[in-house]
1. Tell me, what are the semi-axes, in whole angstrom and largest first, of the equivalent ellipsoid of the range 55-211 as set by the roots of 5 times the Cα gyration tensor eigenvalues?
2. Kindly work out what percent of the DSSP beta bridges joining two residues of the range 55-211 are antiparallel, to the nearest 5.
3. With charges only on Cβ, +1 for K and R and -1 for D and E, what is the dipole size of the range 55-211 about its Cα centre, in debye, rounded to 20?
4. For the pairs LYS56/LYS210; LYS134/LYS165; LYS54/LYS210; LYS72/LYS165, flag any whose C-alpha to C-alpha distance is greater than 28 Å.
5. Post the alpha-carbon centroid distance, the range 144-177 to the range 49-95, in whole angstrom.
6. In the range 58-95, which residues have a backbone nitrogen under 14 Å from the label point lying 7 Å from ASN117's Cα in the Cα-to-Cβ direction?
7. What fraction, in whole percent, of alpha-carbon pairs in the range 53-123 exceed 21 Å separation?
8. Sorting check: for 96-108, 179-191, which peptide has the highest mean count of neighbouring beta carbons within 10 Å, and how do the rest follow?
Amino acid sequence: MEDSIDVILEDHTGVLSPHRPHPAVSACLGALFTAVYGVWSTFALPGLGTIPRKLKVPYLPSSRVQTLNIMKLLEGRTGRLVDLGSGDGRVVFAASSTGFQCTGFEINSILVAYARNKARWNGLPTSQAAFVNKDFWKTDLSHFNNVTAFLAPGVMAVLSEKLLKELPDDARVISCRFPILDWPVQSSVGSGLDQTFAYDIGIVRAHLRKAPEAEV
Ligand SMILES: C[S@@+](CC[C@H](N)C(=O)[O-])C[C@H]1O[C@@H](n2cnc3c(N)ncnc32)[C@H](O)[C@@H]1O
């Protein structure tokens with residue numbers, strides 16, 4: 001009888017069960033999860049509160065392969081480059097090392113401070129690598145002829161309208177991971193999550209002018 005009560009208690013409390021974690025282990029896991037979330041949200045979310053919900057894009061750094069893919073699609077090009085949501089500055093640093101005059105717009109002030117310090121540490125003048133703590137949706141992009149972006153699928157249609165309105169005909173737009181669906185891809189490098197797409201604005205405009213005619 002004593003044995004069976006032990007078994008019932010064990011089943012209900014789990015105190016002696018080998019399958020349930022000890023309460024101290026659960027508490028530690030809970031604390032660890034909270035700490036990881038706290039650190040992630042500190043770096044990924046500041047600044048996004050001012051942006052409409054459907055345009056929010058959290059921080060996720062591009063991989064080394066993605067950055068290399070961007071650089072391949074920039075080969076042969078020169079001039080001013082803007083990274084829309086520059087994160088820790090890795091795309092700006094890679095592009096400035098090949099001669100572009102780069103600007104990164106970034107809403108997250110912690111990431112901007114990190115990127116600016118890194119630029120200072122590496123002796124890069126702001127004429128080569130400038131980091132601006134500003135919402136790129138509210139920024140005129142008309143004086144950039146190279147645009148890089150690693151954003152989110154839900155914002156690409158809105159982004160395409162903004163770029164078509166503002167960019168010069170000779171501009172190239174490079175998007176990591178997420179294509180711009182209505183635009184003809186000029187070239188693409190990589191595959192899967194690292195796939196990166198290039199679009200030339202003059203060609204996109206010509207294509208979009210022709211497209212309605214083709215439908216008639
Ligand atoms: C997916 S991360 C890409 C970071 C970086 N370009 C890279 O490739 O490593 C997107 C970045 O865009 C920033 N961001 C999102 N919306 C923004 C906005 N409206 N203006 C400026 N930065 C923004 C986020 O804070 C985040 O750092």
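Taken together, the values in this text are just the output of simple stated rules run on the coordinates, not laboratory data. Note that the coordinates shown come from a computational prediction; the quantities given were computed from them, not determined experimentally. Please note: Cβ atoms are built from the backbone with ideal geometry, for glycine as well, and neighbour counts cover all protein chains shown.
1. Ellipsoid half-lengths, sorted descending, are 24, 16, 16 Å.
2. Roughly 30 percent of the DSSP beta bridges within the range 55-211 come out antiparallel.
3. In debye, rounded to 20, the range 55-211 gives about 160.
4. Listed pairs above 28 Å: LYS56/LYS210; LYS54/LYS210.
5. Comparing the Cα centres of the range 144-177 and the range 49-95, I get a distance of 11 Å.
6. Zone members listed by number: 88-89.
7. 25
8. Highest mean packing first, the order is 96-108, 179-191.
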